[in-house]
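Here the structure is laid out as structure tokens; the discussion comes afterwards.
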Amino acid sequence: MLRERINTLRKLLFLAYLIPVAASFLISIYVESYYEGKHVYFDAYDGLMATVLIIWGLVLWNNKDCYSFRSKSKFEITKTAITASLLASGISLIVLFYWSDSRLGKLMAGSFVILSTIGLVVLRLQIQFLLEYIRKRGYNYQTIIIAGQGKRARHFADSIFQNLHWGYRIDGFINTNNGPSVPLWSYNDIPVIGCLDTIPDIIKSQQVDWVVFAVENNELGKIEEAVATCDEMGTRVAILTDLFPAKFAKKRIDEFFDCPILLFDTTPPQRISLAVKAIFDRFVSFLGIITISPILFFTALAIKLFSKGPILFKQERLGINGKRFTMYKFRTMRPDADMLKDQLKDQNEMDGPAFKIKNDPRITPLGRWLRKTSIDELPQLLNVVKGDMSLVGPRPPLSNEVIQYDSWQRRRLSMKPGITCLWQVGGRNNISFKKWMELDLKYIDNWSLWLDTKILARTLPAVISRKGAR
């Protein structure tokens, strides 16, 4: 009976979702006809509209997230609607433009995408508001029993009490200590109704939609049989996965070779945004190499004419997660610079494992000017095109520097290195090593495409001013 009601509700929602799609298509026809001064003939668009509704229907019907509202935030509801709308709109426009139908104009297409997206978002938010209103009044709820009696179980119960609009009701706690008698206790008037051995009898005697195992770490071995019993009886099980504290890593459930895993990820979780970043980096770098090719040519010529040795300085650096790669720069030092480094260690002006000297005698006169203008960094665009680096990210370190890192500093290798970052716009070489590391970690913890945009916008003035350059 419950499954039939869920299927019926899903069908009703599916039909409701197609209403703003159809309305947006009709309005977009009217908008284009109005601006072009033509009479509106809706009948001429029947074939196009049928095609659009079929594509939208397939996308919406197969997107399970579009039918999930319980315990979802308004942001998640909006994100799901926008994702489904853009996917369906994109497929629709590709199909229609492939047919080269002269009736599909740019204004009409743009209006449809915008209106259908807004319509779907507004409808989903309205449905969520209605469902929350109903659940707050004790209807359309699901029942939960919580296995556990410790801090984790009580914290989970508090979350349910504080979010009545989720539509969950706690019917009781399960004591994880089996025995002839169950200790009597309650939390917020929710009593203990049994132990792990009595779960089958509880499920048989009353409505149980969820069994939530909120046990402490030392109790995980006790629940294996109880979880198997719930699975056998067809009752949904949830096991709280906040088993180990993580200060920086983002926790999420994933699969590894078809095995469910609890993943601790120290990098930003926005996989789509990171993909956009990678595409943007390579495209801009490739375009940049072509644009500045005269600068690259004359710089290479000058290095060859005014100093002995190779044009490019190639050095092994560590990238994401310690991956080794060859980084390229225009050579600014004497060919024997690495051999002279040991003789200059006492003059190092940077704290920590980094090595910097203000008036480094190994730097050639041309090289000093290249460093001041940051032209020596331009060949790293090749590293970006190859995928070893990004435009924005922590600077790639030397392996002998990483060995000397404190444990918290090693986390800066959890993201792909870049040509510029917060340190570049925050003082370059005029900051301490510790501050440099803190800025890199701040970048990782707060990463977004907008942050990259701001750093790139601030990098050019920092380079032109030559603040902190050596």
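General observations
- Candidates are the residues of the stretch 42-81 that are hydroxyl-bearing (Ser, Thr, Tyr) and assigned to a loop (DSSP other than H, G, I, E, B); the one that is modelled with the lowest pLDDT is 71.
- Restricted to the stretch 205-217, and to residues there that are polar (S, T, N, Q) and more than 32 Å from the chain's Cα centre (by Cα), the residue that is surrounded by the most Cβ atoms within 10 Å (Cβ to Cβ) is 206.
- Qualifying positions in the stretch 437-463 - β-branched (Val, Ile, Thr) and out of contact with any helix residue (DSSP H, G or I) (no Cβ under 9 Å at 6 or more places or on another chain): 453
- Top-ranked residue in the stretch 82-120 [being among the polar types (S, T, N, Q) and surrounded by 14 or more Cβ atoms within 10 Å (Cβ to Cβ); ranked as modelled with the lowest pLDDT]: 92
- Checked against (1) modelled with pLDDT of 90 or more; (2) surrounded by 13 or more Cβ atoms within 10 Å (Cβ to Cβ); (3) not acidic (Asp, Glu), residue 293 passes all but a single condition, namely (2).
- Test: residue in the stretch 167-184 that is more than 30 Å from residue 84 (Cα to Cα), of a type outside the set (A, V, I, L, M, F, W, C) and touching a Cys at 6+ places or on another chain (Cβ under 6 Å): yes
- Lone unmet requirement of (1) within 27 Å of the chain's Cα centre (by Cα); (2) at pLDDT 80 or above for residue 433: (1)
- Residue in the stretch 438-458 that is in the same structural domain as residue 291 (by TED's automatic domain parsing), touching an Asp or Glu at 6+ places or on another chain (Cβ under 7 Å) and either assigned to a helix (DSSP H, G or I) or crowded, with 19+ Cβ neighbours inside 10 Å (or both) present: no
- Checked against (1) at pLDDT 70 or above; (2) under 30 Å from the mean Cα position of the chain (by Cα); (3) within 25 Å of residue 155 (Cβ to Cβ), residue 227 passes all but a single condition, namely (2).
The values are calculated or read from the model by the stated rules, or taken from the named source; none is laboratory data. Values in this document were obtained by computation on a predicted structure and should not be read as measured data. Please note: Cβ atoms are built from the backbone with ideal geometry, for glycine as well, and neighbour counts cover all protein chains shown.
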